[in-house]
Amino acid sequence: MSSCSRKRTKAPRSARNRRNNGGFSTRSAEIVADLDDVLIQILTFLPIKSLLKSKRVSKRWLSLITNPDFSNRILKSKHPLPISGFFLKGTHDMEYRFVSLDDDDKERISSSLPLRFADHPTKMIILQSTNGLLLCKCSCPSNQFDISYYVYNPSTKQNTLLPRIIDHVAISLAFDPSKSPHYKVFCLKSVPDSNLFYIEVYSSNEGPWRRVVSVPSFTLPPTVMEFGNTIFWNDAVLWYGRRSRDCLSFDIYQEKIKIVPLPYLDHQEEEEEEEEEDGPPDVGRTLRFLDESRGNLYYTEVYDLSSSKFPVYEMERDGSNWSLKHNVDLEPLAAAFPEMIRTEHYTDRPIYAFSVIGIVKEETNAESYILLHIPNQVLKYNFRNKTFKKLCGFKASLDIDVPGYEFYGFQRCFQFIESLANV
């Protein structure tokens, strides 16, 4: 029988359907995969953490997710991003521990590790955290005055070395992805042989340091004593210190300087009397905390270590006034964790051993909380219902008490926010 007259045998109907459906599905998947716009629309619905993991799917997905247009679009639409954890730093070394706020993380706290970049072997010191970016510094081992400054995204592991800074007093990072994909770094400098100050700015899209000419040289009131700490809030960088009673505020868009007073508390009258008689007060016995969370500025101060309560203040959105927002009661915590009760060495009175890690403003006030560090524990205290729970524990051998400083715990804590921001 010739091949032309040979009769072709048909496959069973079910097999043909499977083959045709499979081919249709494959072709459809290929068509969808080829449509970048469709894929981008799908990716926009993923949370930042899932997007960071999705970069490993393929080179094409990596290219799409890391594209500045896509990442900027995501950051703007999802702002403000939630706080995912905190970097904790003690006083004796440059080691950092990380506490995760993600309930899916099996290990809430990481081991003690130095912060290093692949292209820089020296340990980094975190100065500030702002909307997912960290401002860091490091010094050359052979010359402690040879200091480099970086802007670092710990989510993407990208970093940028800032142009060299000389003779500055303070430095601050400003970044609001809802308004601009670009960040700015502001440097406070002093005029030689005077009590005058001025400001320089570096922009990620404009380049080198330049003086802010719209702000002439200015003097500071005696209540702004130090500039060791900085935050970015409400379009302004704030500089303050452990002894400062006011903050120096610089609006980055209006380019205006103003003084923002901290809440005046009753014990400050006693401190002022001590300052007049014996010099500056002993700031080591006062716990002060100022930070931003989801666009809100919070402040707390504890002067009497034997008191079981301390207040938390919130600044009005227009920056006009502080209001008492919460009261934290330590007594129930001490009943559940008696190890946080200690004896003050020079009075023998019982005091509370704790420090503030951070304040987390959630989408509703009922979910907002403060994170406290007590001996070998991290506790989550809900503002609204006054309940608390252990978030994680430290090894018993961890000792971060600081001689001469009355408060127990980590002295500097910085927010970690998962972000796709390009640096």
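The values are calculated or read from the model by the stated rules, or taken from the named source; none is laboratory data. From a predicted model like this one, the values you see are computed outputs, not experimental measurements. Using ideal geometry, Cβ is built from the backbone for each residue, glycine included, and neighbour counts are taken over all protein chains shown. Note: areas computed on protein heavy atoms with side chains; ligands, DNA, RNA excluded. Shrake-Rupley method; radii C 1.70, N 1.55, O 1.52, S 1.80 Å.
Is the range 329-341 home to any residue that is among the aromatic types (Phe, Trp, Tyr), in contact with a strand residue (DSSP E or B) (Cβ under 7 Å, 6 or more places away or on another chain) and under 27 Å from Ile109 (Cβ atoms)?
Scanning the range 329-341 turns up at least one residue that is among the aromatic types (Phe, Trp, Tyr), in contact with a strand residue (DSSP E or B) (Cβ under 7 Å, 6 or more places away or on another chain) and under 27 Å from Ile109 (Cβ atoms).
So Val224 fits all but one of (1) part of a loop (DSSP other than H, G, I, E, B); (2) open to solvent by 70 Å² or more (accessible area, probe 1.4 Å); what number is the exception?
Answer for Val224: the failing condition is (2).
Has the range 336-343 got at least one residue that is surrounded by 13 or more Cβ atoms within 10 Å (Cβ to Cβ), more than 21 Å from Phe410 (Cβ to Cβ) and modelled with pLDDT under 95?
Checking the range 336-343: not a single residue is surrounded by 13 or more Cβ atoms within 10 Å (Cβ to Cβ), more than 21 Å from Phe410 (Cβ to Cβ) and modelled with pLDDT under 95.
I'm told Arg210 meets every condition in (1) of a type in the set (Lys, Arg); (2) part of a strand (DSSP E or B); (3) touching a residue at least 12 places away in the same chain (Cβ under 8 Å) except one. Can you identify the failing condition by its number?
Among (1) of a type in the set (Lys, Arg); (2) part of a strand (DSSP E or B); (3) touching a residue at least 12 places away in the same chain (Cβ under 8 Å), Arg210 violates only (3).
Return the residues of the range 202-223 that are among the small types (Gly, Ala, Ser) and in contact with a Leu (Cβ under 9 Å, 6 or more places away or on another chain); say none if nothing qualifies.
Selection gives Ser217 alone.
Against the conditions (1) modelled with pLDDT under 95; (2) of a type in the set (S, T, N, Q); (3) touching a Phe, Trp or Tyr at 6+ places or on another chain (Cβ under 8 Å), where does Ser214 fall short? Just the number, please.
(3) is the only condition that Ser214 fails.
Can you tell me how many residues within the range 184-207 are part of a strand (DSSP E or B) and either among the acidic types (Asp, Glu) or not assigned by the TED database to the domain that holds Ile259 (or both)?
Going through the range 184-207 one residue at a time, the tally reaches 1.
For Phe186, which of the numbered conditions (1) buried (at least 19 other Cβ atoms within 10 Å of the Cβ); (2) touching a Ser or Thr at 6+ places or on another chain (Cβ under 8 Å); (3) more than 26 Å from Phe86 (Cβ to Cβ) fails to hold?
Every listed condition holds for Phe186 apart from (3).
With respect to Lys325, is the statement that it is among the basic types (Lys, Arg) and either under 28 Å from Lys256 (Cα atoms) or surrounded by 13 or more Cβ atoms within 10 Å (Cβ to Cβ) (or both) true?
Judged against the criteria, Lys325 is a match.
Can you tell me which residue within the range 18-57, out of those that are at pLDDT 85 or above and not in a helix (DSSP H, G or I), is nearest to the chain's Cα centre (by Cα)?
Pro47
Return the residue satisfying two criteria in turn: it lies in the range 374-397 and is among the polar types (S, T, N, Q) and open to solvent by less than 30 Å² (accessible area, probe 1.4 Å), and of such residues it is modelled with the highest pLDDT.
Checked the range 374-397; the qualifying residue modelled with the highest pLDDT is Asn382.
Give the residue that is farthest from Leu135 (Cα to Cα), with candidates limited to residues of the range 237-252 that are open to solvent by 10 Å² or more (accessible area, probe 1.4 Å) and in contact (Cβ under 8 Å) with a residue 40 or more places away in the chain.
Per the stated criteria, the residue is Arg243.
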